[in-house]
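Read the structure below first, then the notes.
The values are calculated or read from the model by the stated rules, or taken from the named source; none is laboratory data. What you see is a predicted model; the values in this text were computed from it and never measured. Glycine gets a Cβ as well: all are built from the backbone with ideal geometry, and neighbour counts include every protein chain shown. Surface areas here come from the heavy atoms of the whole protein model, side chains and all, with no ligands, DNA or RNA. Shrake-Rupley method; radii C 1.70, N 1.55, O 1.52, S 1.80 Å.
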Amino acid sequence: SPSPKWPKHYRKALLYGVLLSIFHQTTGINCVLFFSNEIFTDGETGNAAEQRARFGTFFIGIVILIAAFIAIPLTKYLNR
């Protein structure tokens, strides 16, 4: 029988990476980030709507940054 292309200890990491990518695409976070200005303006125009859209987009970025700072040490702690 032919040897596997991926060593056994890499299969779990590869599976997690693929599943994470699929989950990321199916949750729609890309759409939220791409259309954040339209989402936060809620169809309104003017300076107030633009400011609200900028603040909302900035807030989403801050939340993602905080989540990354939490996930990195947590991943290290869990030896993943």
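Some notes on this structure:
- Checking [x] 3, 12, 13, 16, 15, 11, 9, 8, 5, 4, 2, 1, 1, 0; [y] 3, 17, 29, 29, 17, 3, 0, 0; [z] 3, 13, 22, 24, 18, 12, 6, 3, 0 against the coordinates, the calculated P(r) over Cα pairs in 5 Å bins from 0, in percent falls under label [x].
- By accessible area with a 1.4 Å probe, ligands and nucleic acids excluded, highest first: order of 72, 39: 72, 39
- Only protein atoms count toward the accessible area here, which uses a 1.4 Å probe; on the chain, the carbon and sulfur part of that area reaches 69 percent.
- Restricting the chain to chymotrypsin sites (Phe, Trp or Tyr not before Pro) that sit in a DSSP loop and have at most 12 other Cβ atoms within 10 Å of their own Cβ leaves 35.
- Label-point separation in nm, residue 39 to residue 77, each point 7 Å along Cα→Cβ: 2.8
- Value of relative contact order over the chain, rounded to a whole percent, pairs C-alpha under 8 Å and six or more apart: 18
- Once both labels are positioned 7 Å from their Cα atoms along Cα-to-Cβ, the gap between residue 8 and residue 64 label points is 3.9 nm.
- Anchor residue 76: lysines whose Cα lies under 24 Å away (excluding residues fewer than 8 positions away in-chain): 8, 12
- Take the chain with all the other protein chains still there, run a 1.4 Å probe, and you get 90 Å² of accessible area per residue.
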